[in-house]
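Below: one structure, written as structure tokens.
The values are calculated or read from the model by the stated rules, or taken from the named source; none is laboratory data. Since the model is a prediction, treat every value here as computed from it, not as a measurement. Quick reminder, even Gly has a Cβ in these numbers, built from the backbone with ideal geometry, and neighbours come from all protein chains shown.
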Amino acid sequence: MKNNQKHIVWVVEDDPLFKESMEELINLSDKLHLELSVSSVEQVEEEKHKVHAPDVILQDIGLPGKSGLEALGFYRNEFPDAKVIILTIFEDDERIYEAIKRGASGYLLKRTPAKQILDGIDQVIMGEASISPLIAKKMMNIMVSGAPVKESNLTTREKDILKLLVDGFSMDMISGELEISTHTVDTHIKNIYRKLEVHNRAEVVSKAIKERLI
């Protein structure tokens, strides 16, 4: 048993004040355990064997040395089960797209309220993505421009749910919006994943926008 079954979180952030605020936020949670807090990917490489593997990594993009984007491939190889949430000041479309394409499970701006960051951690732990509606719209901006519309074999209901997923709705929110049970929503989402040949919410959002399925 590791840390009374708390979910292990790593923080990789070079801004001292923001790093401290993330440390305090995680330490206040009774579900999370802060195992590592460093300022660079190089420090992660040095310390990785001294600590428990992460469940969630809160990762900046603009880091000294290796960038947060470069780190995503490293994490995928070293810690395939870890969920990476990008926390950054950058809002430009290309960085957002690259982060999602390289396997990030979430993308939140640093000005995101603390509770929403904790909610985002919960979402990725549950296998969902933590992508705000603003970020989803920015992804849409760069991916639909000139891209051909592709046909899919999704049902009308599945397309409705797919659109809500892209808009950042959680499973409970989709259930309330469409007035169907969460079990039904879960079944539809599994069918969407199977038909689109994706494995998680970040992938389904990326594919839906890139191929203009909604």
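Is there a residue being in a helix (DSSP H, G or I), in the same structural domain as Leu108 (by TED's automatic domain parsing), under 24 Å from Lys101 (Cα atoms) and in contact with a strand residue (DSSP E or B) (Cβ under 6 Å, 6 or more places away or on another chain) anywhere in segment 20-36?
Let us first name the residues in segment 20-36 that are in a helix (DSSP H, G or I), namely 20-28.
In the following step, the residues that additionally are in the same structural domain as Leu108 (by TED's automatic domain parsing) were identified as 20-28.
Then keep just the ones that are under 24 Å from Lys101 (Cα atoms); that gives none.
No.
Name every residue in segment 83-133 that is of a type in the set (Lys, Arg), modelled with pLDDT of 80 or more and more than 8 Å from the chain's Cα centre (by Cα), in order of residue number. Give the derivation first.
First pass over segment 83-133, keeping only residues of a type in the set (Lys, Arg): 83, 95, 101-102, 110-111, 115.
Filter again for modelled with pLDDT of 80 or more, leaving 83, 110-111, 115.
Hits for segment 83-133 are Lys110, Arg111, Lys115.
Which of the residues spanning segment 195-213 are β-branched (Val, Ile, Thr) and either part of a helix (DSSP H, G or I) or surrounded by 18 or more Cβ atoms within 10 Å (Cβ to Cβ) (or both)?
Residues of segment 195-213 that are β-branched (Val, Ile, Thr), as a first pass: 198, 204-205, 209.
Across segment 195-213, the qualifying residues are Val204, Val205, Ile209.
Which one is nearest to the chain's Cα centre (by Cα), of the residues in segment 167-194 that are part of a helix (DSSP H, G or I), more than 22 Å from Asn153 (Cβ to Cβ) and among the charged types (D, E, K, R)?
As a first pass, look at segment 167-194 and keep what is part of a helix (DSSP H, G or I): 171-178, 182-194.
Okay, now just the ones that are also more than 22 Å from Asn153 (Cβ to Cβ), so 171-173, 175-177, 182-183.
Within this subset, residues satisfying the condition of being among the charged types (D, E, K, R) are 172, 177.
Details: Asp172: 18, Glu177: 22 Å.
Restricting to residues being part of a helix (DSSP H, G or I), more than 22 Å from Asn153 (Cβ to Cβ) and among the charged types (D, E, K, R), the top hit is Asp172.
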Checklist entry - Could you say whether any residue in segment 164-181 is surrounded by 14 or more Cβ atoms within 10 Å (Cβ to Cβ), β-branched (Val, Ile, Thr), in contact with a Phe, Trp or Tyr (Cβ under 8 Å, 6 or more places away or on another chain) and at pLDDT below 85? => result no
Item to check | Yes/no for Leu28 being aliphatic (A, V, I, L, M), surrounded by fewer than 15 Cβ atoms within 10 Å (Cβ to Cβ) and modelled with pLDDT of 90 or more | outcome: yes
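I'd like to check something: does segment 40-49 contain any residue that is outside any helix (DSSP H, G or I) and modelled with pLDDT under 95? Don't jump to the end; show me each part of the working.
From segment 40-49, those outside any helix (DSSP H, G or I) are 40; that's our starting set.
This time we only want the ones that are modelled with pLDDT under 95, so: 40.
Yes - at least one qualifying residue is present in segment 40-49.
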Checklist entry - Among the residues of segment 49-65, which ones are surrounded by fewer than 16 Cβ atoms within 10 Å (Cβ to Cβ) and either within 15 Å of the chain's Cα centre (by Cα) or of a type in the set (D, E, K, R) (or both)? => result Lys50
